[in-house]
Amino acid sequence: MAGRLLGRALAAVSLSVALASVTVKSPGCRGIPAFRNSFSSCWFHLNTNVMSGSNGSKENSHNKARTSPYPGSKVERSQVPNEKVGWLVEWQDYNPVEYTAVSVLAGPRWADPQISESNFSPKFNEKDGHVERKSKNGLYEIENGRPRNPAGRTGLVGRGLLGRWGPNHAADPIITRWKKDSSGNKIMHPVSGKHILQFVAIKRKDCGEWAIPGGMVDPGEKISATLKREFGEEALNSLQKTSAEKREIEEKLHKLFSQDHLLIYKGYVDDPRNTDNAWMETEAVNYHDETGEIMDNLTLEAGDDAGKVKWVDISDKLKLYASHFQFIKLVAEKRDAHWSEDSEADCHGL
């Protein structure tokens, strides 16, 4: 009972903060300078929008976490209407499906045991040994020994494909360069009048969707190490390279990842793998190769979880995995690059 009351109180505070953030948000987000780890009003708008599902205040949020069938299975979620996503909404007849993938139940090193196992006593909302169980969005509620998704109901309990109960932390490196012509001049979009930015995109093997390269943060690993490792494995196929080739890749990536960068987003992700008890969180970071000299000397080659990899022009025409579309839009705005042919387009579309 105490946990439930605390959770409701925290949710109420989150709602107040979200409303306050929306109230003070600036009317537009064009021309935001690219300072290291800078946060714009766009970031806060995205953050409150993604998290607003916890209060049921946004009908267009928390959608991918309710899609069926669940990825990699034929399991259909219980249907959750928009008005009943938030935990603050009473729903006595809520009867979500229980599902945890066999690959997770097999007990790989990256997965937790079942909650019911006697030797498993996770420290939720804390650093649990080397495993980070704190959420990037603050405290989350524990109900009947299980963590509860802070963004609301998903129609499925258990862990699905996710290894950890509660937050599963990932890192997404967004590598960008300016699109140039054969003479090396930046290409300007004829309608918006802004230079066209490109980013490295991979086509995921599991679902066939285009996405930002990225992956899970290992226990005790620094985010910066995850970002560099995942980009090398998925976009450069570093795992299959010779020792000499790996050293060459490492040298170039060290130069790229040592530059000033932008923290684009940090928090909950509307991911199709999410459940009521396990969810994805990420840090999306932009590393920009201004001259193009670093990335021009690296050959893109899909590896690990990527089926394909290529440079993609950034625009509002993109269709990307999970919340990656929003992350890419923020990059375009922060870099003052082309995004839309609609001159009225701004942050309000997130």
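Readers should treat all values here as calculations from the given coordinates under stated rules, not as data from a laboratory. Every value quoted in this text rests on a predicted model; they were computed, and no experiment measured them. Quick reminder, even Gly has a Cβ in these numbers, built from the backbone with ideal geometry, and neighbours come from all protein chains shown.
Quick notes
- Length gained when the stretch SER258-ASP336 is fully extended (0.36 nm per residue, less Cα-Cα span): 25.9 nm
- For GLN240 and ASP316, a Förster radius of 25 Å and the Cβ-Cβ distance give a FRET efficiency of 0.10, rounded to the nearest 0.05.
- With a simple spin-label model that places each label point 7 Å from the Cα along the Cα-to-Cβ direction, the separation between GLU143 and VAL75 comes to 1.7 nm.
- Mean separation of Cα contacts under 8 Å, 6 or more apart, over the residue count of segment 62-339: relative contact order %: 24
- Alpha carbon centroid spacing (whole Å) that separates segment 194-227 from segment 119-152: 25
- 5 angstrom amide H check on ASN237, placed H, neighbours 5+ away: GLU301, GLY303
- Derived scalar couplings between HN and Hα for segment 138-144 equal x, 5, 10, 7, 10, 10, 6 Hz in order, rounded to whole Hz, by the Karplus curve 6.51 cos²θ - 1.76 cosθ + 1.60 (θ = phi - 60°), x for Gly and Pro.
- Computed on segment 62-339, the Cα convex hull volume stands at 146 Å³ per residue.
- Projecting the Cα positions of LEU320, SER135, SER103 onto the charge dipole of segment 62-339 (unit charges on Cβ atoms of Lys, Arg, Asp and Glu, taken about the Cα centre) puts LEU320 furthest along the positive direction.
- Taking 0.36 nm per residue of separation and subtracting the Cα-Cα distance, full extension of the segment from LYS203 to GLU117 would add 27.2 nm.
- For LEU320, nonlocal amide neighbours, meaning residues 5 or more places apart or on other chains whose placed amide H falls under 5 Å from its own, are PHE325.
- Built amide H within the under 5 Å cut-off of ALA170, gap 5+: VAL217, GLU281, THR282, GLU283
- Inter-label distance, nm, simple model (7 Å from Cα along the C-beta direction), LYS180/ALA106: 4.6
- In segment 62-339, a dipole from Cβ-located charges (positive for Lys and Arg, negative for Asp and Glu) runs towards its positive end, and of THR291, SER73, ILE174 it is THR291 whose Cα lies farthest in that direction.
- Within segment 62-339, percent of DSSP bridges classed antiparallel, to nearest 5: 65
- Once the Cα-Cα distance is subtracted from the 0.36 nm per residue extended length, the MET188 to ASP218 segment shows a gain of 6.8 nm.
- Cα centroid separation - segment 258-307 against segment 232-254, whole Å: 17
- FRET efficiency for LYS136 and ASN95, using Cβ-Cβ distance with R0 set to 22 Å, rounded to 0.05: 0.15
- Square roots of five times the Cα gyration tensor eigenvalues for segment 106-197, Å: 44, 16, 13
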